[in-house]
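Novice: Below you'll find the structure I mean.
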Amino acid sequence: MTIGITGASGQLGLGLVRHTLARAAASDVVAITRNPAKLAEVSGLQTRAGDFSQPAGLVDAFRGIERLVIIPTGDLQPGVRIKQHSDAIDAAVKAGVKHVIYISSVSPRPDAKNVLLDSHFATEQKLIHSGVDWTLLRMSVYTDSLLNAAKAAVASGAYSAVPGAPAAYVVRDDIAAAAAGILTTPGHVGITYHATGPVSLGPADVAETLAKVTGKAISYTEMTADQQRKGLEAAGLPPFLIDGIIGFNVAIRAGAFDLITNDVARLAGKPAESPADFLRRALAQ
Ligand SMILES: NC(=O)c1ccc[n+]([C@@H]2O[C@H](COP(=O)([O-])OP(=O)(O)OC[C@H]3O[C@@H](n4cnc5c(N)ncnc54)[C@H](OP(=O)(O)O)[C@@H]3O)[C@@H](O)[C@H]2O)c1
């Protein structure tokens, strides 16, 4: 069976390529990316050029592929990502792909104020109604996304975050390993999986975890939502991106990612790494 992986040079995409190559013959794996040259280091890997913003070339990029994973793009300009994903699904249908796996998010929903969850919802609906076999792998919030704040907390002794509900942070590489499980084992058609971590942590729990894994005194300091927005503005991010990040954070704080499943273990064949183990490992590097 020929497996295709889009977004193959991104961090999640490359992780997925590596996990898939560990479970399938290289001759069965095609990596599709805007930058094939970036994948030259992966020996034996077949690559094809593919850009969701240039749909004319996508049908050729997807030809001959039986199982295709679509990794979401990171383009948060309103409307852009929905069109990119929709064009990719149309191209997959035209190319005769049998089974499309979409890496979605936990809690997708129509929400004009949340470009991330809104575009995942629209893409899921498009795929479900496309006529191809489908599987959804909804990811939780990356544990990796805690790392910069964790490093700052270790340096300052205070972990600063807006108070809110806990989230079941999942390590990016565990999402990749779970997706490789879908790609390389039979079945999975019409199933929605949730790649989550093994525990849910709120901001105070993150501070406590950091104190435990580093052996240092680290306290939790409450940040206001306004301070968070001002920090993003000070970093010079464009308004659409700030709105996208803020919308995602509002959803986290409302509990949209407080969902724990065993799907990573089921699909990857190994338990999901806890935030404590990930942070201990990552902070030691
Ligand atoms: N759950 C979370 O907490 C979380 C956090 C960050 C990101 N994400 C999502 O997960 C995705 C993968 O994350 P990552 O960590 O791998 O980020 P990344 O390293 O920045 O990768 C971005 C990805 O988007 C793809 N992409 C961008 N524009 C594209 C286009 N026009 N056509 C096709 N593909 C395009 C890239 O593919 P190529 O460059 O290979 O073409 C690459 O796979 C992100 O795009 C984002 O949607 C989720």
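Novice: Taking segment 60-98, which residues are more than 12 Å from the ligand (Cβ to nearest atom) and not in a helix (DSSP H, G or I)?
Specialist: ARG63, GLY64, ILE65, GLU66, ARG67, LEU68, PRO78, GLY79, GLY96, VAL97, LYS98
Novice: Does segment 8-17 contain any residue that is more than 9 Å from the ligand (Cβ to nearest atom), touching an Asp or Glu at 6+ places or on another chain (Cβ under 9 Å) and in contact (Cβ under 8 Å) with a residue 24 or more places away in the chain?
Specialist: No, there is no match, as no residue in segment 8-17 is more than 9 Å from the ligand (Cβ to nearest atom), touching an Asp or Glu at 6+ places or on another chain (Cβ under 9 Å) and in contact (Cβ under 8 Å) with a residue 24 or more places away in the chain.
Conditions (1) among the basic types (Lys, Arg); (2) surrounded by 20 or more Cβ atoms within 10 Å (Cβ to Cβ), marked per residue:
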residue: ALA207; (1), (2): no, yes
residue: GLY215; (1), (2): no, no
residue: ARG229; (1), (2): yes, no
residue: ILE245; (1), (2): no, no
residue: GLN285; (1), (2): no, no
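Novice: While we're here: Considering each residue of segment 22-44, count those that are within 9 Å of the ligand (Cβ to nearest atom) and of a type in the set (S, T, N, Q), and give that number.
Specialist: Residues meeting the conditions: 2.
Novice: Further question: Which residues, taken from segment 59-83, are among the hydrophobic types (A, V, I, L, M, F, W, C) and out of contact with any Ser or Thr (no Cβ under 9 Å at 6 or more places or on another chain)?
Specialist: The one that is among the hydrophobic types (A, V, I, L, M, F, W, C) and out of contact with any Ser or Thr (no Cβ under 9 Å at 6 or more places or on another chain): VAL59.
Novice: Okay, moving on. Inside segment 119-151, can you point out the residues that are of a type in the set (D, E, K, R) and either more than 16 Å from the ligand (Cβ to nearest atom) or assigned to a strand (DSSP E or B) (or both)?
Specialist: The answer is ASP133, ARG138, LYS151.
Novice: Also, I was wondering about something else. Looking only at segment 50-94, which residues are among the basic types (Lys, Arg) and touching a residue at least 12 places away in the same chain (Cβ under 8 Å)?
Specialist: The answer is ARG63, ARG67, ARG81, LYS94.
Novice: Looking at (1) within 16 Å of the ligand (Cβ to nearest atom); (2) more than 18 Å from ILE71 (Cβ to Cβ), find the lone condition where VAL154 falls short.
Specialist: Only one criterion in (1) within 16 Å of the ligand (Cβ to nearest atom); (2) more than 18 Å from ILE71 (Cβ to Cβ) is unmet by VAL154, namely (1).
Each value in this text was obtained by applying a stated rule to the coordinates, not by laboratory testing. Since the model is a prediction, treat every value here as computed from it, not as a measurement. Glycine also receives a Cβ, built like all others from the backbone with ideal geometry; neighbour counts cover every protein chain displayed.
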